[in-house]
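Enquirer: Mind looking over this structure? Questions follow.
The values are calculated or read from the model by the stated rules, or taken from the named source; none is laboratory data. Computed from a predicted model, the values in this text were never measured in an experiment. All Cβ positions, glycine included, derive from the backbone under ideal geometry; neighbour counts span all protein chains shown. Protein only, heavy atoms only, side chains kept; ligands, DNA and RNA dropped before computing areas. Shrake-Rupley method; radii C 1.70, N 1.55, O 1.52, S 1.80 Å.
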Amino acid sequence: MLREEPPSAPPKNIVASGRTNQSIMVQWQPPPEPQLNGVLRGYVLRYRLAGLPGEFQLKNITSAEINYCLIGELIIWTQYEIQVAAYTGAGLGVYSQSVTEYTLQGVPTAPPQDVDAVSLNSTTVKFTWTPPPQQFINGINQGYKLLVWPQHCPECITMVTIAPEFHGSRHYGYVSNLRKFTWYETAVLCFTTPGDGPASTPQLIQTHADKPGPVTPLSFTEILDTSLRISWQEPEDKNGIITGYVLCWEEAGQNETRVSQTLSNSTLTYKVTGLTSLTTYTLQVAAVTQAGTGAATSSTISTGLPPELPGAPSNLVISNISPRTATIKFHPGSDGKTAISKWIIEGQVGTVGEDEEWKVLYEMDSPPASDTLEIPNLIPFTQYRFRMKQVNIVGSSPFSQPCRMMQTLQSSPDVAPTNLIVFSASETSLRIRWEVAVRWLQVVQLRDEINVMND
């Protein structure tokens, strides 16, 4: 038997494939048996960065039965040169021809550089940037994502994807359809097939002001024969700082009668005067910013007949009596062809009669369209008789006929006894004296005494 020698042929059918972005799997078959020149003991795999003259790193596979090796801790998306040799007890054989393989792509580890975002108009932002350094892209650059979100809503992200531009160092892109006159955070990121890289540092910008949106629907009150009051609210889409409002009115279909009025930004109601009775008018209100006048909100309304004094309420009925409140149900009188502005309740308190004084007990401004009214702040256990009248822009109606006499219910006293005095009455008793002021009997003072004696 001749002595062993190192193998005279390398392993064959070497295959390398990227397993992850930091590892490569290498597989092979043993050298041809006639060229083993002994008993196969294992393999040595060596690798280095492809195309560079650096030293090889070695891995020793100490079993002839293992014909694969996973090389780890490699650089992301980098090409390596790999060789394999077999060895016997006599030494290491010849290395195979080099095979090359890339690790898989990873996500970028650096954001785009020199990012700048500017507002072009009220709805569009322009981005410019420089790509991340090539060594930090970690794969094939698939493009960029432009990110925009409102300052106070980080989850409300608007994203636009931009294809990579390989010519020129400065890239640009646009994000449109943003809200007008709104503060936005902006950022850019680079992405590869595995995923997104880190975003650039957010920049805060504001889209430009624009013409405002329409004001809320118009409402009308105090509609008289020659005047009315128009009201509105600020636009939902201000699109800037509201500097004022423009109010216009004209007789329907007659542009030559058009009248315009410029109002301050704090004015949300206006009384239009100088109208003609029983005439239809078209009124328009538009908000104004520095960018101009926004869309107008229009409404048509007719003036009324000349107003008159209202009629007196009637059929007063009292219900729901409690110690301090009572409810009046009544039949409203005529409104005098205009809105009722106030209800006035008068009452006789304590003593009821034709010659007794009537006092104002309650007034309600801008009353609702109702036929019931609760009177508050009454005195418990007290007799009352009520009457009422209504008021419009012309004046007051006559008083209604008085209702029947009623009495509020009893209630617990409002105040504690006062001037409590305790003094000795005898060896086994005390005398206690106090005063009670009963408010609903006005200023009647009662003096009571009690003896506290030993049993």
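Enquirer: So, of the residues in the range 397-453 that are at pLDDT 90 or above, in a loop (DSSP other than H, G, I, E, B) and not polar (S, T, N, Q), which turns out to be most open to solvent (accessible area, probe 1.4 Å)?
Expert: Out of the qualifying residues, it is R404.
Enquirer: Within the range 79-88, is there a residue that is surrounded by fewer than 20 Cβ atoms within 10 Å (Cβ to Cβ), in a loop (DSSP other than H, G, I, E, B) and not aromatic (F, W, Y)?
Expert: No.
Enquirer: Hey, could you check the range 296-320 for residues that are aliphatic (A, V, I, L, M) and exposed (fewer than 15 other Cβ atoms within 10 Å of the Cβ) and say which is modelled with the lowest pLDDT?
Expert: That would be L305.
Enquirer: Across the range 21-61, which residue is nearest to the chain's Cα centre (by Cα) among those that are in contact (Cβ under 8 Å) with a residue 60 or more places away in the chain and under 15 Å from P7 (Cβ atoms)?
Expert: If we take residues in the range 21-61 being in contact (Cβ under 8 Å) with a residue 60 or more places away in the chain and under 15 Å from P7 (Cβ atoms), then W28 is nearest to the chain's Cα centre (by Cα).
So that you can scan it fast, the table gives a plain yes or no per residue for (1) open to solvent by 70 Å² or more (accessible area, probe 1.4 Å); (2) modelled with pLDDT under 90; (3) within 23 Å of N121 (Cα to Cα):
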{"residue": "F220", "(1), (2), (3)": "no, yes, no"}
{"residue": "G240", "(1), (2), (3)": "no, no, yes"}
{"residue": "T243", "(1), (2), (3)": "yes, no, yes"}
{"residue": "V246", "(1), (2), (3)": "no, no, no"}
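Enquirer: Mind checking which residues of the range 1-52 are of a type in the set (A, V, I, L, M) and closer than 19 Å to I76 by Cα?
Expert: If the condition is that a residue be of a type in the set (A, V, I, L, M) and closer than 19 Å to I76 by Cα, then A16, I24, M25, V26, L49, A50, L52 are the ones that fit.
Enquirer: Do the conditions hold for P34, that is, is it farther than 30 Å from Q134 by Cα, modelled with pLDDT under 95 and either assigned to a strand (DSSP E or B) or open to solvent by 90 Å² or more (accessible area, probe 1.4 Å) (or both)?
Expert: yes
Enquirer: Also: Could you please let me know if R41 is open to solvent by 60 Å² or more (accessible area, probe 1.4 Å) and not hydroxyl-bearing (S, T, Y)?
Expert: Yes; evaluated as a whole, the condition is true for this residue.
Here is a yes/no grid of residues against (1) over 27 Å from the mean Cα position of the chain (by Cα); (2) in a loop (DSSP other than H, G, I, E, B); (3) over 20 Å from T216 (Cα atoms); (4) of a type outside the set (S, T, Y):
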{"site": "Y245", "(1), (2), (3), (4)": "no, no, no, no"}
{"site": "C248", "(1), (2), (3), (4)": "yes, no, no, yes"}
{"site": "Q261", "(1), (2), (3), (4)": "yes, no, no, yes"}
{"site": "Y281", "(1), (2), (3), (4)": "yes, no, no, no"}
{"site": "A295", "(1), (2), (3), (4)": "no, yes, no, yes"}
{"site": "L305", "(1), (2), (3), (4)": "yes, yes, yes, yes"}
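Enquirer: Taking the range 183-199, which residues are touching a strand residue (DSSP E or B) at 6+ places or on another chain (Cβ under 8 Å), assigned to a loop (DSSP other than H, G, I, E, B) and surrounded by fewer than 19 Cβ atoms within 10 Å (Cβ to Cβ)?
Expert: Across the range 183-199, the qualifying residues are P198, A199.
Enquirer: Still on this structure, please answer the following. Can we say T372 is open to solvent by 20 Å² or more (accessible area, probe 1.4 Å), of a type in the set (V, I, T), closer than 30 Å to E222 by Cα and at pLDDT 90 or above?
Expert: Spelling it out, T372 is indeed open to solvent by 20 Å² or more (accessible area, probe 1.4 Å), of a type in the set (V, I, T), closer than 30 Å to E222 by Cα and at pLDDT 90 or above.
Enquirer: Of all the residues that make up the range 342-351, how many are assigned to a loop (DSSP other than H, G, I, E, B) and open to solvent by less than 50 Å² (accessible area, probe 1.4 Å)?
Expert: The number of residues fulfilling the criteria is 1.
Enquirer: Pairs needed: first member in the range 173-193, more than 16 Å from K145 (Cβ to Cβ); second member anywhere, acidic (D, E); C-beta distance under 6 Å; at least 6 residues apart or different chains.
Expert: From the range 173-193, the pairs are K180/D210.
Enquirer: Restricting to the range 109-135, name every residue that is closer than 23 Å to G51 by Cβ, in contact (Cβ under 8 Å) with a residue 60 or more places away in the chain and either over 41 Å from the mean Cα position of the chain (by Cα) or open to solvent by less than 60 Å² (accessible area, probe 1.4 Å) (or both).
Expert: Selection gives P132 alone.
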